[in-house]
1. Of the residues A:Lys240, A:Lys222, A:Lys218, which single one is of a type outside the set (S, T, N, Q) and free of Cβ contacts under 8 Å to residues at least 12 places away in the same chain?
2. I'd like to check something: does segment A:57-79 contain any residue that is assigned by TED's automatic domain parsing to the domain that holds A:Val308, without any contact (Cβ under 8 Å) to a residue 24 or more places away in the chain and within 17 Å of A:Glu315 (Cβ to Cβ)?
3. Would you pick out the residues in segment B:87-104 that are assigned to a helix (DSSP H, G or I) and free of Cβ contacts under 8 Å to residues at least 40 places away in the same chain?
4. Could you run through segment A:33-53 and say how many residues are away from DNA strand D (no atom under 11 Å from the Cβ), outside any loop (DSSP other than H, G, I, E, B) and within 14 Å of chain B (Cβ to nearest Cβ)?
5. Checking the condition open to solvent by 60 Å² or more (accessible area, probe 1.4 Å), of a type in the set (S, T, N, Q) and more than 13 Å from DNA strand C (Cβ to nearest atom), which residue from A:Thr103, A:Thr110 passes?
6. Taking interchain pairs and intrachain pairs at least six residues apart, which have beta carbon atoms under 7 angstrom, with the first residue in segment A:296-317 and part of a loop (DSSP other than H, G, I, E, B) and the second among the hydrophobic types (A, V, I, L, M, F, W, C)?
7. Going through segment A:59-75 one residue at a time, which ones are open to solvent by less than 30 Å² (accessible area, probe 1.4 Å) and more than 15 Å from DNA strand C (Cβ to nearest atom)?
8. Right, A:Arg56: under 30 Å from A:Val131 (Cβ atoms), in a loop (DSSP other than H, G, I, E, B) and open to solvent by 40 Å² or more (accessible area, probe 1.4 Å) or not?
Protein chains: 2
Amino acid sequence: MGTVLPKMKDVAALAGVSIKTVSRVLNNEPHVQHAVRERVQAAVTELGYVPSKSARSLRGSRSYSINMMCHSSRSNYVNTIQFGAVIACQQRGYQLTISLIDTVEEKSATDFRDELKILMARSSPDGVILVAPFADDPVVLQVFDELAIPVARIGPSLGPEGRVRVGINEREAAFEVTTHLLELGHTRIGFVRGLENQAVTEERFQGYKAALLEKGLKPDAKHVRKGRFDFRSGVRAAEKLLALEPAVTAIFASNDDMAAGVMMLANRQGVKVPEDLSIVGFDDSEIAENMWPTLTTVRQPLQQLGEVAALKLIETLGQSVPPVIPPTILPHKMIVRQSTAKVRTPV
Amino acid sequence: MGTVLPKMKDVAALAGVSIKTVSRVLNNEPHVQHAVRERVQAAVTELGYVPSKSARSLRGSRSYSINMMCHSSRSNYVNTIQFGAVIACQQRGYQLTISLIDTVEEKSATDFRDELKILMARSSPDGVILVAPFADDPVVLQVFDELAIPVARIGPSLGPEGRVRVGINEREAAFEVTTHLLELGHTRIGFVRGLENQAVTEERFQGYKAALLEKGLKPDAKHVRKGRFDFRSGVRAAEKLLALEPAVTAIFASNDDMAAGVMMLANRQGVKVPEDLSIVGFDDSEIAENMWPTLTTVRQPLQQLGEVAALKLIETLGQSVPPVIPPTILPHKMIVRQSTAKVRTPV
DNA sequence: ACAAAATTTGACACCGTTGTCAAAATCGAG
DNA sequence: CTCGATTTTGACAACGGTGTCAAATTTTGT
């Protein structure tokens, strides 16, 4: 009931050892006799003792918290990754905290750096998980270098630098879905790009181009539209692509939200999907199955991405100087649903 | 570059006062001369000093963190509330942490209580924000009472107890959309309930019933289906409701995801929306605008709900014994889009 | 069986802040 | 101008752990 929380000295008293020995057991340090270790552990569970995070981090200068930095957490992408990260952190006894910060573009770079530094000083995490649009931002990476806070980057360009990186092979995935469309007989395939400040935008585009070239087709600039990863920009891109003469017979949108926009416009204009127009997306977010017809897309293991990023990050916290770590590439998978079909009238 | 983080004594030295005085200034305590206060503040900003959270919370037994407890953060509802909560916390210098925990149903009640207690001991938040399905859970509320951790509940049943509560008037909102359908001439209006362990499910249903009764219509049990707040259960409910003889001419789903399911099924069966069937949802989540036709729904100010909950919670942390607080009711708004229209053939 | 080496254990300082309490400075009244 | 009341200030302990280092204990070698 109203019993006070047990402290280390209570555990020590119950086990008949010194405080320091309890500390050693809790931190899995060597130099404790097996029998003593067991006695202490029994005392811990009996009292339901949980070490005080603040005391621990004050002396040990580790906060046992990981921060996930986002621009906005309101997207399936960020949200699902976050979900995976929370699970991993919880499992390892870490706490996940969320920080929101505006992108560099919305303010001056110095303001941004200052704000970021204050934010980090406040939460003083042991490590930070970066997702788009920060995973590729040189200013952000530099600040964390200066603060000597380890970062894990999700879905970044796979450069050679020595930080924890987790992602999928974006280019290959884009190559696969494009090839899927080509094999269905499509030759005029529209492509909707994502936000230009994100590395994945170019990666996916490269995959698209490579697939066309492999089949001996020349990429046509008219078939490529810019997008912003949101529903609305998908609608706008589709307007242009369907107005072409001759129009495209398939559209590859760089994510599902834009694909949903494409589909909405097709529905509205009476263009039949997939008979007159095949559509593919990217991400396999919830919306992909919740539209009609359901969307062919690429499944990114988002939750797993978050989990692995958090685990790898926590793992590196022990090492004093993190070695150069090869990027972890998780497998993606093309999910063929109803929005793609053989082209009707091959020209 | 590699300068160490400034500590309180550095600030004290620069301002020419004692450490304690700096502490007083930072905590807005009285008994500091105006001039001294300014001098200290100047020193703080000059050094870019940020107090150490761990030291603070160790001595002061406040952690400056708020925990948001969810079952799964992967829904627009939870996600948007979380977004608002992060904003509010950040603004007040608090940190938002996320905890995931399985519902009571998935394990024994004692296990649940133990797990919850350990989770809270680990993160030791100053307060907790509860959302569905925990906001109404008596076991959860009891545990927090025992631990003496203040909670803020979002969207709960509006009982008389003295905790921070934030929500909208669910019943009235449901009353309004139902009335909207009635005024369009609909008389056979289907209703899809939500998860039965959540208070809002009954609240919205009561609003639906009240609207029918007010227009002199008798609620028909055949027109009411259970649901689980997800796309799939919306599809299933619609199958049943559209198979009725005579079929319903409108369906009110208790949330947007289920409404999307209803719409998908209608599209698939060739039932024209809104000509043959009007559909309304609830929440105004992103999906509402990202379907075709766009969805008439009720806008819940989810982000604001999260913000207000966090702010009110932080506010009460000062008071030693939180007084009985009246619930905060935020305004909702019916958003009429394309999915509702006059009934075609009034029977 | 005894000294040296290795292992196990505990006393104590310390991390950076806030609470307590007494000292110092200022103010007001007679 | 002095004395008590009040305001302002600072010295010091304390929060609950971990790091250091020395003491106690056990093991090893001869």
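1. Within the list A:Lys240, A:Lys222, A:Lys218, the selection yields A:Lys218.
2. no
3. B:Gln90, B:Gln91, B:Val104
4. Number of matching residues: 2.
5. Only one candidate passes the filter, namely A:Thr110.
6. Listed by first residue and then by second, the contacts come to A:Gln300/A:Ile168; A:Pro301/A:Leu330.
7. A:Ser65, A:Ile66, A:Asn67, A:Met68, A:Met69, A:Cys70, A:Ser73
8. Here the answer is no, as A:Arg56 does not meet what is asked.
The values are calculated or read from the model by the stated rules, or taken from the named source; none is laboratory data. Source: prediction; values computed, not measured. Methodologically, a virtual Cβ is constructed for each residue, glycine included, from the backbone with ideal geometry; neighbour enumeration extends over all protein chains shown. In case anyone asks, the SASA skips ligands and DNA or RNA and just uses the protein heavy atoms, side chains included. Shrake-Rupley method; radii C 1.70, N 1.55, O 1.52, S 1.80 Å.
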